[in-house]
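The structure appears right after this line, and notes come after that.
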Amino acid sequence: MVGSKTRLVLLLLVAGGVLGTGAARATSGWMDDAGDDHHAPPARSASKATPAKPAVAPPKDEPAHAVTTTPTPRASRPGAKPPAASASAPAPDARLTPDGALKLLQEGNQRWVSGQSTDPNTEPSRRQMLAEQGSHPFAIVLTCADSRLPAERIFDRGTGDLFVVRVAGNVAGTSETGTVQYGVGHLKAPLLVVMGHSKCGAVAAAASGAEAHGKLADLLTNIAPAVDRARKANPEAEGATLVAAAIKENVWQTIFDLIKFSPEVRRGVESGELKVIGAVCDIATGKVEWMGEHPWQAELVAAMNARAERDATAEGGSHTGSDH
Ligand SMILES: [Zn+2]
């Protein structure tokens, strides 16, 4: 954890535009990129590559807040076993917390891994109901376009449950960030999962340094900072070992980019209405490894808010009277 005093120093550094100093870098390499609109490979030490904070907190039965899930009749696949109670999303008026949404995904993945999928919310009548009642997915999943990553199957969910964004290398470029912004700000999904996967071809291509052309080259530039960090944190690594490290760094990079470029994501995190979780799916077993929240999430949100405020002030926008 970073103490409040350290956090204040970080904010002052960001507000003063002096990021990149040794002091800031020593605290968090992620902060180096706070002042730029392009991807600058932040230097992060090996020790910071592994979040010191606990991974995903165990889901709690908290009082619900403002996120409503879709009505969810039980699975009706012919021959399917009746699903466990947890396989279904909540009843029409029930609301899900971020932890409650995460619990549904974790339980669904366990069913998928063990070959006991129940296919909840896939009955034909649900389509008509959702068409009439609208879309209220309980989780946003930003993951790779790889055909071995069928998101609804991996989490054993059905129609209307997940707002899925798929793009090679699970990067957050302009379109992906805009889509996530819609899911958070308009659909009010309480959970955002950024999920990489084993043997990701896009990350492997970025790590290999192979020459890419056209739009693919543009896409791979989003992954390059993650590869650089993986190399710095694992100087001896190469081949598949380097790619595996880069896959995790790339998940953190995408979360960083979403926090940086989406005020809706920052607001959701600050209010507690949104949880942002990293994950990696093993395509051979189907098992999802949960990485937890970005290790510097609170600091990044504060830094990006300060940066946005500074930019607005510089543009003479909505600034109405603080002391600078
Ligand atoms: Zn991939």
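Compute the relative contact order of the stretch 215-262 as a whole-number percentage, counting only Cα pairs closer than 8 Å that sit 6 or more residues apart in sequence. Spell out each step's value before the answer.
Values: 25 pairs, mean separation 18.8, N = 48.
In percent, rounded to a whole number, it is 39.
How compact is the stretch 181-306 by the rule of thumb for globular proteins, expressed as Cα Rg over 2.2 N^0.38 Å?
Details: Rg = 15.3 Å, N = 126, 2.2 N^0.38 = 13.8 Å.
After normalising by residue count via 2.2 N^0.38 Å, the value is 1.11.
Kindly rank 273-280, 252-259 from highest to lowest mean number of other beta carbons found within 10 Å of each residue. Walk me through the numbers before you get to the answer.
Details: 273-280: 23.0, 252-259: 25.8.
Answer by packing, highest mean first, reads 252-259, 273-280.
What net charge do the residues around GLN110 carry, taking every other residue with its C-beta under 11 Å from that of GLN110, with Lys and Arg at +1 and Asp and Glu at -1?
Details: positive: LYS103, ARG111, LYS287; negative: GLU107, ASP156.
That works out to +1.
Quick query: amide H of ALA139 versus all other amide H atoms, modeled in the peptide plane; which residues come in under 5 Å with a sequence gap of 5 or more or a different chain?
Long-range HN contacts for ALA139: PHE163.
Give the long-range amide H neighbours of HIS197: residues separated by 5 or more places, or on another chain, with amide H under 5 Å away, using H modelled in the peptide plane at 1.01 Å from N.
CYS281
How are the Cα pair distances of the stretch 234-282 distributed, in percent, across 10 Å bins from 0?
24, 39, 24, 13, 0
Mind checking the stretch 136-230 for trypsin sites (Lys or Arg not before Pro) that DSSP puts in a loop (not H, G, I, E or B) and that have at most 15 other Cβ atoms within 10 Å? Walk me through the numbers on the way to the answer.
Values: sites: ARG148, ARG153, ARG157, ARG166, LYS188, LYS199, LYS215, ARG229; in loops: ARG148, ARG157, LYS188, LYS199.
Hits after loop and neighbour filter: ARG148, LYS199.
Arrange the peptides 262-272, 288-298, 133-143 so that the one whose residues have, on average, the most other Cβ atoms within 10 Å appears first. List each step's numbers first, then the result.
Numbers: 262-272: 18.0, 288-298: 20.2, 133-143: 21.9.
Per-residue Cβ counts within 10 Å, averaged per peptide and sorted highest first, yield 133-143, 288-298, 262-272.
Along the Cα→Cβ direction, 7 angstrom out, place labels at GLU289 and SER271. What is the inter-label distance in nm?
3.4 nm
Tell me the Rg and the Dmax, in Å, that the Cα atoms of the stretch 122-200 produce.
In Å, with Rg to one decimal and Dmax whole: 13.0, 40.
Rounded to the nearest Å, what's the spacing between the alpha carbon centres of the stretch 134-148 and the stretch 163-183? Just the number, please.
Comparing the Cα centres of the stretch 134-148 and the stretch 163-183, I get a distance of 9 Å.
Any read-out appearing in this document is the output of simple, stated calculations on the displayed coordinates, not a laboratory observation. Just so it is clear, the structure is predicted and the values come from calculations on it, not from any experiment. Positions of Cβ are generated from backbone atoms using ideal geometry, with glycine treated the same way; all protein chains shown enter the neighbour counts.
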